[in-house]
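One structure is given here, and the rest of the page talks about it.
The values are calculated or read from the model by the stated rules, or taken from the named source; none is laboratory data. These figures come from a predicted structure and were not determined experimentally. So basically every Cβ, Gly included, is an ideal-geometry build from the backbone, and we count neighbours across all protein chains shown. Ligands, DNA and RNA are excluded from the accessible area calculation, which covers all protein heavy atoms including side chains. Shrake-Rupley method; radii C 1.70, N 1.55, O 1.52, S 1.80 Å.
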Amino acid sequence: MAKENNQLKWQPNSWQQFPATQQPIYQDPTKVSQVLEQLSTLPPLVTSWEIEALREHIAEAQDGKAFILQGGDCAETFADCRSDKIAAKLKILLQMSLVMLYGLQKPIVRIGRMGGQYAKPRSANSETRDNVTLPSFRGDLVNREAFTFADREPDPELMLRGYERAALTLNFVRSLIDGGFADLHHPENWDLDWVQHSQLENEYHEITRAISSPSKFIEAIPGEEGQTTARVDFYTSHEGLQLPYEQAQTRFLDHRKKWYNLSTHFPWIGMRTAQLDGAHVEYFRGIANPVGIKLGPGITEEWLLGLLENLNPDNEPGRLTLIHRFGAAGVEEGLPPLIKTVRNSGAKVLWMCDPMHGNTESASNGFKTRRFDNILSELQTSFRIHQEMDSWMGGVHFELTGENVTECTGGARGLTDTDLEKAYHTQVDPRLNYEQAMEMAMRIAGLRR
Ligand code: PEP
Ligand code: CO
């Protein structure tokens with residue numbers, strides 16, 4: 001299948017000739033065309049220079065010379081496009097990256113699930129309540145969450161609203177970073193109250209002491225003078241799910257002779273849309289961005305080889321990131337065959353662990369949750385398996401927020417199922433809160449030292 005695809009001429013819209021899963025059905029095609037035409041003339045959200053810089057960073061991470069931290073909401077919402085929420089998300093990612101820089105002694109490349117993470121795959125196309133059946137909610141880019149016919153009807157205008165929110169988000173992130181917000185080695189600004197609840201209190205104080213006198217630990221990391229100064233690199237990513245939106249922002253750049261998706265630096269293919277003969281793989285094979293693929297239970301050797309061949313036929317460094325998400329209970333069985341397959345194929349990839357999506361469960365009171373210990377366990381097991389197989393895991397992928405939500409259980413404060421109702425705000429999947437995310441970063445720092 002991969003070979004057949006490669007022989008067709010790729011175009012930003014050639015995916016339309018392939019089966020596209022997880023797409024909304026719009027009632028008014030004229031309206032869709034009008035929206036896409038507008039979207040395709042609006043200025044890009046990111047540039048090819050930034051995208052190429054990220055590709056080089058990912059190539060470095062593939063060689064063990066850098067480490068990637070990717071994180072953010074499961075689903076960004078239009079309502080959360082606010083200064084406080086954006087700043088909090090940027091802050092947690094920057095702080096985690098400093099802790100990880102200290103622990104891993106490698107440059108940390110930060111990628112937010114931000115500025116476009118507005119579309120979600122769903123397990124069913126429709127939802128029924130009290131004998132009323134309506135289209136499933138697919139994220140703010142597609143329709144509205146309220147359970148009425150008008151709200152659930154996919155609305156093409158929302159793609160424009162999403163583009164605008166993404167632009168507002170990115171504009172604010174860029175200003176914060178340019179303005180020195182990233183100069184974070186002042187632990188007095190960190191919310192570290194939770195540390196006293198942790199068994200690792202002493203270790204944490206040691207890390208924060210080291211970070212507050214950055215010269216002590218930064219000098220030891222070659223080439224890393226820039227990492228904690230006011231200016232840091234920050235990249236965006238989202239799942240490239242809603243193909244019309246992605247297509248409209250795909251541009252041919254004459255000076256590079258390549259097509260780029262200029263809505264984000266790093267789009268990824270979700271697990272539910274990674275079919276070899278599907279529309280998403282067709283779209284992704286033609287763009288020059290570095291791309292991620294989520295891999296989990298069900299992936300086979302043949303399928304994986306097809307993805308490698310189709311998405312990176314020239315084995316370009318930095319192009320492919322494989323994001324494995326098997327769950328704490330499945331990683332021991334699922335991961336080693338993937339590592340073997342990739343090694344035998346000679347493909348160059350970055351291995352990244354998403355310890356969130358394989359660990360989703362229902363709490364006793366019905367909340368969709370994830371346990372801190374399972375998330376940590378999948379991470380630890382993944383690091384160990386890669387190490388034992390002489391492979392390098394060069395990145396982690398989290399769903400997190402900078403706020404004090406109660407969506408995942410466990411962590412230093414030992415959140416329980418009954419705590420979940422206190423501040424459960426996520427639109428789709430449960431996220432680590434500020435403290436749990438910081439603790440996770442500190443555990444990673446400890447793990448690798
Ligand atoms: C996600 O990252 O929010 C997601 C849906 O993940 P996956 O494709 O791995 O299920
Ligand atoms: Co999710």
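Summary table
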{"quantity": "Test: residue in the range 160-178 that is more than 19 Å from Arg82 (Cα to Cα), open to solvent by less than 70 Å² (accessible area, probe 1.4 Å) and in contact with a Lys or Arg (Cβ under 9 Å, 6 or more places away or on another chain)", "calculated": "no"}
{"quantity": "Residue count, the range 370-390 (criterion: of a type in the set (A, V, I, L, M), more than 16 Å from ligand 2 (Cβ to nearest atom) and open to solvent by less than 30 Å² (accessible area, probe 1.4 Å))", "calculated": "3"}
{"quantity": "Selected residue [within 16 Å of ligand 1 (Cβ to nearest atom), in contact with a Ser or Thr (Cβ under 7 Å, 6 or more places away or on another chain) and of a type in the set (Gly, Ala, Ser)] from Gly139, Gly112", "calculated": "Gly112"}
{"quantity": "Pairs, first over 19 Å from Ile385 (Cβ atoms) in the range 348-372, second of a type in the set (Phe, Trp, Tyr), C-beta under 8 Å, six or more apart", "calculated": "Phe367/Tyr424"}
{"quantity": "Failed criterion for Ile444 (all others in (1) more than 30 Å from Val349 (Cβ to Cβ); (2) among the β-branched types (Val, Ile, Thr); (3) part of a helix (DSSP H, G or I) hold)", "calculated": "(1)"}
{"quantity": "All positions within the range 76-122 that are assigned to a loop (DSSP other than H, G, I, E, B), open to solvent by less than 10 Å² (accessible area, probe 1.4 Å) and more than 15 Å from ligand 2 (Cβ to nearest atom)", "calculated": "Gly115"}
{"quantity": "Filtered residues of the range 391-433 (kept if more than 18 Å from Cys353 (Cβ to Cβ) and within 16 Å of ligand 2 (Cβ to nearest atom))", "calculated": "Thr401, Val405, Glu407, Tyr424, His425, Thr426, Gln427, Val428, Asn433"}
{"quantity": "Residues of the range 217-252 classified as farther than 23 Å from Lys89 by Cα, at pLDDT 95 or above and not in a helix (DSSP H, G or I), total", "calculated": "5"}
{"quantity": "Output for the range 28-75, where each listed residue is in a helix (DSSP H, G or I) and open to solvent by less than 10 Å² (accessible area, probe 1.4 Å)", "calculated": "Val35, Leu39, Ser48, Ile51, Leu54, Ile58, Ala61"}
{"quantity": "Residues being assigned to a helix (DSSP H, G or I) and touching a residue at least 60 places away in the same chain (Cβ under 8 Å) - total across the range 396-440", "calculated": "7"}
{"quantity": "Residue match in the range 142-151 (condition: buried (at least 18 other Cβ atoms within 10 Å of the Cβ) and either farther than 29 Å from Pro44 by Cα or in contact (Cβ under 8 Å) with a residue 24 or more places away in the chain (or both))", "calculated": "yes"}
{"quantity": "3 or more residues in contact with a Leu (Cβ under 6 Å, 6 or more places away or on another chain) and among the polar types (S, T, N, Q): qualifying strands (runs of 3 or more DSSP E) within the range 254-317", "calculated": "none"}
{"quantity": "Any hit, the range 309-319, residues being among the hydrophobic types (A, V, I, L, M, F, W, C), closer than 19 Å to Gly270 by Cα, out of contact with any strand residue (DSSP E or B) (no Cβ under 7 Å at 6 or more places or on another chain) and at pLDDT 95 or above", "calculated": "no"}
{"quantity": "Complete set of residues in the range 333-364 that are away from ligand 1 (no atom under 16 Å from the Cβ), open to solvent by less than 50 Å² (accessible area, probe 1.4 Å) and part of a helix (DSSP H, G or I)", "calculated": "Pro336, Ile339, Thr341, Val342"}
{"quantity": "Qualifying residue in the range 176-196 (condition: of a type in the set (Phe, Trp, Tyr), in a helix (DSSP H, G or I), out of contact with any strand residue (DSSP E or B) (no Cβ under 6 Å at 6 or more places or on another chain) and at pLDDT below 75)", "calculated": "yes"}
{"quantity": "Index of the failed condition, Glu127 passing every other in (1) within 16 Å of ligand 2 (Cβ to nearest atom); (2) of a type in the set (Asp, Glu); (3) in contact with a Leu (Cβ under 7 Å, 6 or more places away or on another chain)", "calculated": "(1)"}
{"quantity": "Which numbered condition Ile323 misses (of (1) among the β-branched types (Val, Ile, Thr); (2) touching a Cys at 6+ places or on another chain (Cβ under 8 Å); (3) part of a helix (DSSP H, G or I))", "calculated": "(3)"}
{"quantity": "Filter result for Glu282 (charged (D, E, K, R) and crowded, with 19+ Cβ neighbours inside 10 Å)", "calculated": "yes"}
{"quantity": "Condition met for Phe367 (open to solvent by less than 30 Å² (accessible area, probe 1.4 Å) and either of a type outside the set (Lys, Arg) or within 16 Å of ligand 1 (Cβ to nearest atom) (or both))", "calculated": "no"}
{"quantity": "Residue that is surrounded by the most Cβ atoms within 10 Å (Cβ to Cβ), among those in the range 391-404 that are farther than 21 Å from Pro107 by Cα and more than 14 Å from ligand 1 (Cβ to nearest atom)", "calculated": "Gly402"}
